Ligand code: BES
Ligand code: ZN
Ligand code: ZN
């Protein structure tokens, strides 16, 4: 989506003119200056067919304007508007106009007294951008005329260069969200550990500030990443261990390490997941189990495209969790990168195993100022929080608060979960140093406790994104399936660090 600015009076032709309205006491009230149209739209407003409710879209046809259509877009009550309400309203515009196949918009930006210009442009542009997506690549026989048509050009009417720059920044961030959605939605047999390694290399190519390193199986054996290797045993595909570094602030020693779970398909291993009923947590959804990996790779790519002044390293341990005669066995003990032995009670709790090796590697080799991991780790977090927030676990209040703040800003909400020390006992093992499952009570917390074993005293935060990465239904500006939730959160977090 390409943003430009134009004056309202001298605007060029487009497919659609978008005019925002508040839902007034008696009838809809204009939310921006567009007096020249008053006569023309007055009838529609007067009819009360259009009331300006949040997300309400009414199309008018006109022969007198540079655009053949005018959309009246409702923003709801003026006093209650927020950035999130703007996102929702503009997302509903995108959906409302898909049938008309509009590609170019002229858009009157609402005047909102209670919000800064930047927030208004963010809400408007994110709503447009996040909804402007469909995953149709695997539909091979969809007729051309039935394929989704995307908005490719948006002229912001009467806006300055600063506003334009903000819209463009959000367009770059949305590319990152599409990147995550596409990888999550892609076939697991295509988005393999090797493919993820290639993608990291493609991201780094041609940018001297970026560097990708991919450990193959031989190197992983040499590094003694015994837990990643254990999970990989059942798979025909080799594991990979990916490191993607971005040096955006070479003078500083500060470095944020992002670790992403890269299980390209989670069958559950010998604890085979059921296929029925098809849904969010049965096997059929488990191509989503590399969402964390996609987010951290996408975040580094996006940070580099935005030229953020931060040092950032994405670390991705990646493998399938497959079933086979070589699969790792419930009851067996495996030793990880840091030397700890782990009793594998349940081979379906594989994410924490591969993350353990990645966290330990990061602590020992990457001099992290802080580590943030993102992982589709437990079904338990969905039971606790549903799918409107991801679970946040941390050993550092300042880091947790900064992430919570970024979550509020982007509406990619996090909810901090307790790590009561008594729950640590649940992962004590009789035959090894620890075990990989702590039972059903507080299942997301005991998973977090498992990870905590491998971070030492590095400030660390773990986001359990199992319930928000792969949605069973489309909602608001999120499509069905891969949501990309987490990427905007990380970028907002990094931007705030720069401002602070
Ligand atoms: N990948 C799953 C978690 C998951 C569940 C992701 C639903 C997305 C949607 C993870 O590897 C897993 O299987 N976790 C088990 C752990 C249990 C065996 C302790 C779970 O949550 O059931
Ligand atoms: Zn699993
Ligand atoms: Zn998993």
Inset, instruction - Working only within segment 290-310, note down all residues that are under 17 Å from residue 250 (Cβ atoms) and crowded, with 24+ Cβ neighbours inside 10 Å. - result: 300, 303
Legend entry - Extreme residue, farthest from the chain's Cα centre (by Cα), among residues of segment 452-461 that are surrounded by 23 or more Cβ atoms within 10 Å (Cβ to Cβ) and either over 20 Å from residue 342 (Cα atoms) or within 16 Å of ligand 2 (Cβ to nearest atom) (or both): 460
Legend entry - Residue check, residue 18 in a helix (DSSP H, G or I) and surrounded by 20 or more Cβ atoms within 10 Å (Cβ to Cβ): no
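Could you please give the count of residues in segment 348-367 that are in a loop (DSSP other than H, G, I, E, B) and either surrounded by 24 or more Cβ atoms within 10 Å (Cβ to Cβ) or within 14 Å of ligand 3 (Cβ to nearest atom) (or both)? Before the answer, list the steps.
Quick first cut of segment 348-367, residues in a loop (DSSP other than H, G, I, E, B) only: 348-350, 366-367.
Next, only the ones that are either surrounded by 24 or more Cβ atoms within 10 Å (Cβ to Cβ) or within 14 Å of ligand 3 (Cβ to nearest atom) (or both) stay: 348-350.
Adding up the residues that qualify gives 3.
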Legend entry - Counted residues, segment 462-477 - those being more than 13 Å from the chain's Cα centre (by Cα) and surrounded by 24 or more Cβ atoms within 10 Å (Cβ to Cβ): 1
Legend entry - Qualifying positions in segment 329-351 - within 12 Å of ligand 2 (Cβ to nearest atom) and in contact with a strand residue (DSSP E or B) (Cβ under 8 Å, 6 or more places away or on another chain): 344, 347, 348, 350, 351
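Suppose we keep only residues that are buried (at least 24 other Cβ atoms within 10 Å of the Cβ) and in a strand (DSSP E or B) within segment 234-254. Which one would you say is farthest from ligand 1 (Cβ to nearest atom)? Show your work before the answer.
Of the residues in segment 234-254, the ones buried (at least 24 other Cβ atoms within 10 Å of the Cβ) are 239-242, 244, 246.
Okay, now just the ones that are also in a strand (DSSP E or B), so 240-242, 244, 246.
Working: 240: 18, 241: 18, 242: 19, 244: 23, 246: 28 Å.
Filtering segment 234-254 for residues that are buried (at least 24 other Cβ atoms within 10 Å of the Cβ) and in a strand (DSSP E or B), the one farthest from ligand 1 (Cβ to nearest atom) comes out as 246.
Do we have residue 400 as more than 16 Å from ligand 1 (Cβ to nearest atom) and modelled with pLDDT of 95 or more here?
Spelling it out, residue 400 is indeed more than 16 Å from ligand 1 (Cβ to nearest atom) and modelled with pLDDT of 95 or more.
Scanning segment 312-328 for residues that are more than 16 Å from ligand 2 (Cβ to nearest atom) and touching a strand residue (DSSP E or B) at 6+ places or on another chain (Cβ under 6 Å), which turns out farthest from residue 225 (Cα to Cα)? Show your work before the answer.
Quick first cut of segment 312-328, residues more than 16 Å from ligand 2 (Cβ to nearest atom) only: 312-316, 325-326.
Checking the rest, the ones that are also touching a strand residue (DSSP E or B) at 6+ places or on another chain (Cβ under 6 Å) come to 312-316.
Details: 312: 23, 313: 19, 314: 17, 315: 14, 316: 13 Å.
Top of the filtered list is 312.
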Legend entry - Scan of segment 322-347 for residues that are assigned to a loop (DSSP other than H, G, I, E, B) and more than 16 Å from ligand 1 (Cβ to nearest atom), ordered by number: 324, 325, 326, 336, 337, 338, 339, 340
Inset, instruction - Select, from 128, 164, the only residue that is touching a strand residue (DSSP E or B) at 6+ places or on another chain (Cβ under 9 Å), surrounded by 21 or more Cβ atoms within 10 Å (Cβ to Cβ), under 22 Å from residue 71 (Cβ atoms) and modelled with pLDDT of 95 or more. - result: 128
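For segment 407-435, how many residues meet the condition of being assigned to a loop (DSSP other than H, G, I, E, B) and within 27 Å of the chain's Cα centre (by Cα)? Walk me through how you get there before you give the answer.
Residues of segment 407-435 assigned to a loop (DSSP other than H, G, I, E, B): 411-413, 417-420, 428-433.
Cutting the leftovers down to within 27 Å of the chain's Cα centre (by Cα) gives us 411-413, 417-419.
Within segment 407-435, residues that are assigned to a loop (DSSP other than H, G, I, E, B) and within 27 Å of the chain's Cα centre (by Cα) number 6.
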Legend entry - The one condition in (1) within 16 Å of ligand 1 (Cβ to nearest atom); (2) in a helix (DSSP H, G or I) that residue 485 fails to fulfil: (2)
Legend entry - Meets criteria (surrounded by fewer than 24 Cβ atoms within 10 Å (Cβ to Cβ) and closer than 30 Å to residue 89 by Cα) for residue 480: yes
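Would you point out which residue out of 257, 263, 315, 231 is within 16 Å of ligand 1 (Cβ to nearest atom), in a strand (DSSP E or B) and buried (at least 24 other Cβ atoms within 10 Å of the Cβ)? Before the answer, list the steps.
Numbers: 257 fails: within 16 Å of ligand 1 (Cβ to nearest atom); 315 fails: within 16 Å of ligand 1 (Cβ to nearest atom); 231 fails: in a strand (DSSP E or B).
Criteria check complete, one pass: 263.
The values are calculated or read from the model by the stated rules, or taken from the named source; none is laboratory data. All figures in this text were calculated on a predicted structure; none of them were measured in a lab. FYI the Cβ positions are ideal-geometry reconstructions off the backbone, even for glycines, and counts take in every protein chain you see.
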